[in-house]
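What follows is a short report on a single structure.
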Amino acid sequence: MMVTWLDFWQQENEFDQSMSVNYDYFLDRVEKYISLSPTDKVLDIGSGPGNLEDAWYNKVREIHGIDISKRYNEIARSKHMHHPNVHFYDLSPDDYLNFNLISDQRFNVIIVMSVVQYYRNTAEIEQLLKSIKQVAAPNAKALICDLMVGGSVLKDIWSMIGRSFKQRQLLATIKLLVRLRLSSYYAVRQKNGFLTIPQQEWLRICRQVGLNANFIDEPLTMQQERRNLLIQF
Ligand SMILES: C[S@@+](CC[C@H](N)C(=O)[O-])C[C@H]1O[C@@H](n2cnc3c(N)ncnc32)[C@H](O)[C@@H]1O
C-alpha cells in the first residue's frame, strides 16, 4: 500500500501523461529569467520523466537530472540514451538530501520544478538550499518553481482550471482532476499533505543560508497561485 509521496513517485501514476502540458507552459516563460547558452551546465533536481532534458539537451553543454524515482530515471534514460551530454542519477529515497553523487560538479543553471511540496519540513528545504549553494558555479542562477506558499487546495485547483481554460486544455485538466480524485494520489495527499511555506519564510531561510533570492512576479506554471523563487549567485 502507498503511504508516502516517496512511494507514490515510484509507481505508475496519473501525472505520467499529463506533466508535460504544465511543463510546456513553463518552458514558454522560463527563458525570460534564465537565458541559455551552449556552454551551460544544467542541474534538474526532481527531473521526473525528463521534460527539461527533452527541451534543453540540444541547447546546452550538459544537463544532469537527479530524482528519487528509479522508474522515472529509467524512462528518462531510455529517451536520452543517444545523447552523451544528458545524465540521470538515482537519489536514495531514504537519503534524498545527500547530493554526494554530484557534489564534485558545478552547474550554472539549476532548476527545481514541482518538487519541494513533497519534502517533509523546512529543515529539509534549508538542507536543499545548502546543497544548491554547494554545487552552484559563480554567477549561476537557480529557479525553484511551483511553490505552494499558502492558500487552499481548492484555490489551487480553481486557478489550474482557469488557466487551462485559457490554454485550451480544460478537458484534459478536468479528466486529470477526476482521475486524481479516484486514485491513490488522493489518499497519499490526505495522509501527507503538501509542504507549504509562506514567501517571507522562504526569503528568511535563503538569507540564513546566505543566498540572494527573490520571487518572480509573473506565474511560470498553470497553477497561478504558486510562486517561483530565483536565486542568483
Ligand atoms: C510533479 S513531478 C515533477 C517532475 C519534473 N520536475 C517536471 O516538472 O516535469 C515531481 C518529481 O519530484 C520527484 N521527487 C519527489 N520528492 C523528491 C525528493 N525528495 N528529491 C528528489 N526528487 C523528488 C518525483 O520523483 C517526481 O519525479
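Going by what's in this entry, would Asp44 be described as acidic (Asp, Glu), touching a residue at least 60 places away in the same chain (Cβ under 8 Å) and within 10 Å of the ligand (Cβ to nearest atom)?
Answer is yes for this residue.
Which condition breaks for Ile161 when tested against (1) more than 16 Å from the ligand (Cβ to nearest atom); (2) in contact with a Leu (Cβ under 9 Å, 6 or more places away or on another chain); (3) in contact (Cβ under 8 Å) with a residue 40 or more places away in the chain?
It fails just one condition, (3).
Quick check, is Glu74 within 20 Å of Ala136 (Cβ to Cβ), more than 10 Å from the ligand (Cβ to nearest atom) and either exposed (fewer than 14 other Cβ atoms within 10 Å of the Cβ) or among the hydroxyl-bearing types (Ser, Thr, Tyr) (or both)?
Spelling it out, it is not the case that Glu74 is within 20 Å of Ala136 (Cβ to Cβ), more than 10 Å from the ligand (Cβ to nearest atom) and either exposed (fewer than 14 other Cβ atoms within 10 Å of the Cβ) or among the hydroxyl-bearing types (Ser, Thr, Tyr) (or both).
Look at the stretch 176-193 and say how many of its residues are within 14 Å of Phe15 (Cβ to Cβ) and either in contact with a Leu (Cβ under 9 Å, 6 or more places away or on another chain) or touching a residue at least 24 places away in the same chain (Cβ under 8 Å) (or both).
9
Please find, among Val86, Val30, the residue that is of a type in the set (A, V, I, L, M, F, W, C), within 21 Å of Phe233 (Cα to Cα) and surrounded by 15 or more Cβ atoms within 10 Å (Cβ to Cβ).
Val30
If I filter the stretch 47-57 down to residues being near the ligand (Cβ under 10 Å from one of its atoms) and part of a loop (DSSP other than H, G, I, E, B), which single residue comes out as nearest to His82 (Cα to Cα)?
Only one residue tops the list, namely Gly50.
Any read-out appearing in this document is the output of simple, stated calculations on the displayed coordinates, not a laboratory observation. This one's a predicted model, so the numbers in the text were calculated from it and none came from an experiment. All Cβ positions, glycine included, derive from the backbone under ideal geometry; neighbour counts span all protein chains shown.
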